[in-house]
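K.L.:
Shown below is the structure under consideration.
The values are calculated or read from the model by the stated rules, or taken from the named source; none is laboratory data. None of the values given here were measured: they were computed from a predicted structure. Cβ: placed from backbone, ideal geometry, glycine included. Neighbour counts: every protein chain shown. Protein only, heavy atoms only, side chains kept; ligands, DNA and RNA dropped before computing areas. Shrake-Rupley method; radii C 1.70, N 1.55, O 1.52, S 1.80 Å.
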Amino acid sequence: MAYCVVRTDLMSGTTDPSCLEHGRFYNAHDAQEAIQNGSIVQVGDLEAGERESHKYTDVADGAVLNDVVLIAEPELITDTSHHKGIADYISPAGKIIRGYRLHQFDEFSVSAEGFTSATLQAAQVGAYVSVAEGTHMLAASARKPETGLYIGKIIDVEVKNFVTYYCIAVYGK
C-alpha cells in the first residue's frame, strides 16, 4: 500500500524550530495509531509524564489554523529485507512524530494519498484545500469551504520522480 509523500517546500519550521511540535497520534478510541505523512492533526495537551510530546488527534469541529500541525516525519525505513521507497513509509503507532505548525503563506506539497478519495478529482490548480470533517485527511474543492478547517489553495501540480505533488499555499486563518 502506498502512503502520502510530503515535502516541506516553504514551511516556517524548516528554519525556525519553534514552529515544530512533537507528539503521538491517538484515534477516536484514545488508542495510539499509525499515521501517514501529509496528515493534518490537532495538537492537544502534553501527554502524561512528557515534557515535549503532545497528544495528536483528528481535527475537531471549530479548530483553527493555530490548533493544527502538518505531519512530516523523515522517512527512515529500517526493514531492508525488500525494496521500499518513501511512499511505503508510515509512522508506526506509539512513535513520537514531528509536526509543522501552519502559518499563513507557508507552502507544502503532498502526493495524492494525502487527499480523501472522494475529493481527489477536484485537486487541481486553484482548488481550495481544507481538512475533511472528523479526519486528518485533506479535501479539495472548487469552492471555498463554509465549514471545517480551511487550509489554503493548490498553487501548482507537478510530477517529480514519478510522484504527482499537489503544492499547497497556506491562506487559512
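K.L.:
Under 8 Å for C-alpha pairs, at least 6 residues apart: give me the relative contact order for region 14-158, rounded to a whole percent.
P.N.:
About 25 percent, as a whole number.
K.L.:
With N denoting the number of residues in the chain, provide Rg(C-alpha) divided by 2.2 N^0.38 Å, to two decimal places.
P.N.:
Values: Rg = 15.2 Å, N = 173, 2.2 N^0.38 = 15.6 Å.
Ratio of Cα Rg to 2.2 N^0.38 Å: 0.98.
K.L.:
Can you list which of the trypsin sites (Lys or Arg not before Pro) found in region 1-66 are DSSP loop residues with at most 16 other C-beta atoms within 10 Å?
P.N.:
Arg51
K.L.:
So what is the accessible area of the chain per residue, in Å², with the probe set to 1.4 Å?
P.N.:
52 Å²
K.L.:
Of Glu158, Glu50, which has the most accessible area with a 1.4 Å probe, and how do the rest follow in descending order?
P.N.:
On the way: Glu158 45, Glu50 70 Å².
Ranked from most to least accessible, the order is Glu50, Glu158.
K.L.:
Got a number for the accessible area of Val43? Probe 1.4 Å, square angstrom, nearest 10.
P.N.:
Counting only protein heavy atoms, Val43 exposes about 20 Å² to solvent.
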